């Protein structure tokens, strides 16, 4: 499935690294949301991308924006990953049904059982306003997210 800019983003509810339920729709009318999929916790490129977001977190998580990072890893792995790297944002587990949210966003790699690197910016009304999809090995640039947020 390919998402189109201007359409409603697929809603989801997933558990974060603490076992708390987080729903995309809970931010509707309140915050723009950056939904960023990454393949695997504890891997070099994924860690680097998330550390870049962590190091400039106030640009991506503030009164106008919320950062949600999703992978198909289990919640318990994400908890240790967040603790190890000092991530103070939600790491959501798309573990079961395995990759269902990644599939809804068109970024699930069936052969590898993981998401590719897809980032989606959803406005306060739940509408998809920006997206970038890279292959599993191709890192994204967090500066692009800033530009897209600034345009909202």
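Name the pairs whose Cβ atoms lie under 9 Å apart, with the first residue in segment 113-132 and on the phi > 0 side of the Ramachandran plot and touching a residue at least 60 places away in the same chain (Cβ under 8 Å), the second in a loop (DSSP other than H, G, I, E, B) and surrounded by fewer than 20 Cβ atoms within 10 Å (Cβ to Cβ), and 6 or more positions between them or separate chains?
126/11; 126/28; 126/29
Does residue 49 satisfy being under 26 Å from residue 135 (Cβ atoms) and either exposed (fewer than 14 other Cβ atoms within 10 Å of the Cβ) or touching a residue at least 12 places away in the same chain (Cβ under 8 Å) (or both)?
The answer is yes for residue 49.
Here is a list of conditions, (1) in contact (Cβ under 8 Å) with a residue 40 or more places away in the chain; (2) farther than 20 Å from residue 27 by Cβ; (3) touching a helix residue (DSSP H, G or I) at 6+ places or on another chain (Cβ under 7 Å); (4) crowded, with 17+ Cβ neighbours inside 10 Å, and residue 79 meets all of them except one; can you say which number that is?
Status for residue 79: all satisfied but (3).
Give the residues of segment 102-112 that are surrounded by 15 or more Cβ atoms within 10 Å (Cβ to Cβ) and in contact (Cβ under 8 Å) with a residue 40 or more places away in the chain, sorted by residue number.
Within segment 102-112, 102, 103, 104, 105, 106, 107, 109 meet the criteria.
Quick note: the coordinates plus some simple rules give every number you see, no bench work behind them. Owing to the predicted nature of the structure, the values given are computational and were not obtained by experimental measurement. As a convention, Cβ positions derive from the backbone with ideal geometry for all residues, glycine included, and neighbour counts pool all protein chains shown.
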